[in-house]
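A short reminder: the numbers here are calculations on the coordinates, not readings from a lab. Predicted model only: the values in this text are computed from it and were never measured. Here Cβ is always computed from backbone atoms with ideal geometry, including for glycine, and neighbour counts include all displayed protein chains.
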């Protein structure tokens, strides 16, 4: 028992002081080891708890940086100005005289051309004889055919305006008559009613040449176009001559 056991754990309790074997009771090495390690575990747990408490205390009482001050500007209602209008903007009025003046190009003959004094060697204004000669009609003699009759060639290259094209007129077309719309059976069974906005092309003879739907229920579109094509107008006038122009025409459908 006095010799050191080579298999003995260095930090364990030695058996050299044992009075008898086997050891029992509180002298047993395992019980003595239990007391030692239980004390060490309690001490470690206590230190860990203290460390956690100190960390929580320091974290909860840390100094928080204050947010930057916000600049508050007080504005009086008199500084805001007039609020925008909620009313629908009115359609600008068209000056027919100015539009006609822009549309009709003045003749270029007889208009003086300004030049420098040193370059004005000859007059640039056409005389009455020159203007009559420039505007004289072409005769058959000029073409070498013979005869004194004038040859007049007229080319009708006028095309219908586009639906969005602006046409200057002096008098707007006025509707004279129109047939009542025929209510579609499918729209009646579905209980559909309302107004269909149709854009029609009024020809020079006052009859509708074309019609397109701008807005309205799809079940009422064909009936609205058929009704619009039966309309008869007094045509629009420009310089006392009829012209083709697109106009808007509503077609209303009511069940009762």
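Extension gain for the segment residue 252 to residue 175, taken as residue separation times 0.36 nm less the Cα-Cα distance, is 26.1 nm to one decimal. Highest mean packing comes first when the peptides 185-195, 36-46 are listed by Cβ atoms within 10 Å, giving 185-195, 36-46. When you count the other C-beta atoms within 10 angstrom of each residue and take the mean per peptide, 53-64, 69-80, 215-226 line up highest first as 215-226, 53-64, 69-80. Could you tell me which of rounded, prolate or oblate describes segment 180-219, using a ≥ b ≥ c as the square roots of the eigenvalues of the alpha-carbon gyration tensor, with rounded for a/c under 1.5 and, failing that, prolate when a/b is larger than b/c and oblate otherwise? Because a/c hits 1.5 or more and a/b exceeds b/c, segment 180-219 counts as prolate. Each listed q (0.12, 0.14, 0.17, 0.27 Å⁻¹) maps to a log10 I(q)/I(0) for segment 174-253, found by the Debye formula over equal Cα scatterers with no solvent: -0.35, -0.45, -0.62, -1.22. Each peptide among 238-245, 197-204 gets the average number of other Cβ atoms lying within 10 Å of its residues, and from highest to lowest they stand as 197-204, 238-245.
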